[in-house]
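Student: Dropping the structure in here first, questions after.
The values are calculated or read from the model by the stated rules, or taken from the named source; none is laboratory data. Keep in mind it's a predicted model, so treat the numbers as computed, not measured. Here the Cβ positions follow ideal geometry from the backbone for every residue, glycine too, while neighbour counts run over all protein chains shown.
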Amino acid sequence: MRCNLTTLQAIILGLVQGLGEFLPISSSAHLVLVPWLFAWDVPGLTFDIALHFGTLIAVAIYFWKDWLRLLSKGFTNAKSTDGRLFWYLVLATIPGAAIGFLLEEYAETIFRNPLLIAVMLILLGVILYWADRKSAKKIEVKNITLTTSFLIGLSQALAIIPGVSRSGITMTTGLLLGLTREGAARFSFLLSAPIIFGAAVVKLPQVISQPSLITGNFVLGIAVSCITGLAGIGFLLRYVQTKSFLPFVWYRFALGAIIIAVVLWR
């Protein structure tokens, strides 16, 4: 794996990851497309996961009180609202973790095809638009059920394909199952922590075995993704209280169309 990025490239990719992880536009798609569009050296999946670790830090900082409460209630009062939510999050993490482990090779090769990414950006945009328009949007995250949690977690497995968007597919599924926009976003953000943590743990031995990977720009990318991730979480949670997902849908359509055009032109 190569990580010979310039400082500017590390900053841009950190920015892309931090915003893309929590907005429903697919950070993994952007981490593939930006180097592809600008003909940069491909940093590889390990650097992508390092950037995801930056957003893990962001979600841990933003929701630290929530996670302390969930962890406490999960092990001391599992039947309480917070205790149930903790174990629902654990259950919802399993499908995505299992699929990610089984399809890791495809995630590093076949799934990083720009044309496939463009198609998934547009397709998920259509589904997100429909879900946002037609869903009931009545259920708060504290009232989420076991079945709803599991189905959201199952949908998260599709995010292994860049362009789907982990936050996009989980929010879309949450909306389809009746969650409010804020409830769907909050559950999606909480659900991101264990799956990103698991991916980082799996890749940690590879990073440790190659200390040359940990350059200043490597660390800089993580820091930028953390800072912008915090901004992205705060922005979206405020935004969805009063507004729809339509701007993100249009962005997905536009980016998908641009990528298809570039593929055909090249």
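Student: If you scan segment 68-86, which residues turn out to be surrounded by fewer than 18 Cβ atoms within 10 Å (Cβ to Cβ) and of a type in the set (A, V, I, L, M, F, W, C)?
Tutor: Result: LEU68, LEU71, PHE75, ALA78.
Student: Separate question: One residue is enough: does segment 97-113 have a residue meeting the conditions out of contact with any strand residue (DSSP E or B) (no Cβ under 8 Å at 6 or more places or on another chain) and either among the basic types (Lys, Arg) or under 23 Å from VAL240 (Cα atoms) (or both)?
Tutor: Yes, the conditions are met somewhere in segment 97-113.
Student: Quick check on segment 119-155: of everything there that is of a type in the set (S, T, N, Q) and assigned to a helix (DSSP H, G or I), which residue is surrounded by the fewest Cβ atoms within 10 Å (Cβ to Cβ)? Full working, then the answer.
Tutor: At the first step, the residues of segment 119-155 found to be of a type in the set (S, T, N, Q) are 135, 143, 145, 147-149, 155.
Keeping just the survivors that are assigned to a helix (DSSP H, G or I) gives 143, 147-149, 155.
Numbers: ASN143: 14, THR147: 10, THR148: 21, SER149: 24, SER155: 23.
Filtering first and then ranking leaves THR147.
Student: Regarding PHE22, is this residue under 23 Å from MET171 (Cβ atoms), buried (at least 19 other Cβ atoms within 10 Å of the Cβ) and in contact with a Gly (Cβ under 8 Å, 6 or more places away or on another chain)?
Tutor: yes
Student: Six or more apart or on different chains, Cβ atoms under 8 Å: show the pairs whose first residue is in segment 66-78 and over 15 Å from PRO194 (Cβ atoms) and whose second is hydroxyl-bearing (Ser, Thr, Tyr) and in a loop (DSSP other than H, G, I, E, B).
Tutor: Qualifying pairs under 8 Å: LYS73/SER80.
Okay, residues lined up against (1) on the phi < 0 side of the Ramachandran plot; (2) at pLDDT 95 or above:
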| position | (1), (2) |
| --- | --- |
| PRO24 | yes, yes |
| LEU31 | yes, no |
| TRP36 | yes, no |
| ALA39 | no, no |
| THR46 | yes, no |
| ALA50 | yes, no |
| SER72 | yes, yes |
| PHE75 | yes, yes |
| PHE86 | yes, yes |
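Student: Every residue in segment 239-261 that is in contact with a helix residue (DSSP H, G or I) (Cβ under 6 Å, 6 or more places away or on another chain) and outside any loop (DSSP other than H, G, I, E, B), please.
Tutor: Within segment 239-261, VAL249, ARG252, PHE253, LEU255, GLY256, ILE259, ILE260 meet the criteria.
Matching residues to (1) closer than 19 Å to TYR129 by Cβ; (2) of a type in the set (Val, Ile, Thr); (3) buried (at least 21 other Cβ atoms within 10 Å of the Cβ); (4) in contact with a Ser or Thr (Cβ under 9 Å, 6 or more places away or on another chain):
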residue	(1), (2), (3), (4)
SER167	yes, no, yes, yes
LEU176	yes, no, yes, yes
ILE196	no, yes, yes, yes
VAL201	no, yes, no, no
PRO205	no, no, no, no
THR215	no, yes, no, no
PHE253	yes, no, no, no
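Student: Could you check segment 101-115 and list, in sequence order, the residues that are over 18 Å from the mean Cα position of the chain (by Cα) and either outside any helix (DSSP H, G or I) or among the hydrophobic types (A, V, I, L, M, F, W, C) (or both)?
Tutor: LEU102, THR109, ILE110, ASN113, LEU115
Student: What number of residues within segment 36-45 are within 19 Å of the chain's Cα centre (by Cα) and surrounded by fewer than 19 Cβ atoms within 10 Å (Cβ to Cβ)?
Tutor: Final tally of qualifying residues: 1.
Student: Kindly list, by first and then second residue, each pair from a residue in segment 28-41 that is touching a residue at least 12 places away in the same chain (Cβ under 8 Å) to a residue that is crowded, with 16+ Cβ neighbours inside 10 Å and among the hydroxyl-bearing types (Ser, Thr, Tyr), limited to pairs with Cβ atoms under 9 Å and residues at least 6 apart or on different chains.
Tutor: Close Cβ pairs (under 9 Å, with a partner that is crowded, with 16+ Cβ neighbours inside 10 Å and among the hydroxyl-bearing types (Ser, Thr, Tyr)) amount to SER28/SER165; ALA29/SER165.
Student: Going by the conditions given, is GLY174 without any contact (Cβ under 8 Å) to a residue 40 or more places away in the chain, touching a helix residue (DSSP H, G or I) at 6+ places or on another chain (Cβ under 8 Å) and within 20 Å of SER155 (Cβ to Cβ)?
Tutor: yes
Student: Mind telling me which of the residues LEU236, LEU264 ends up being in contact (Cβ under 8 Å) with a residue 60 or more places away in the chain and assigned to a helix (DSSP H, G or I)?
Tutor: Just one listed residue meets the conditions, LEU236.
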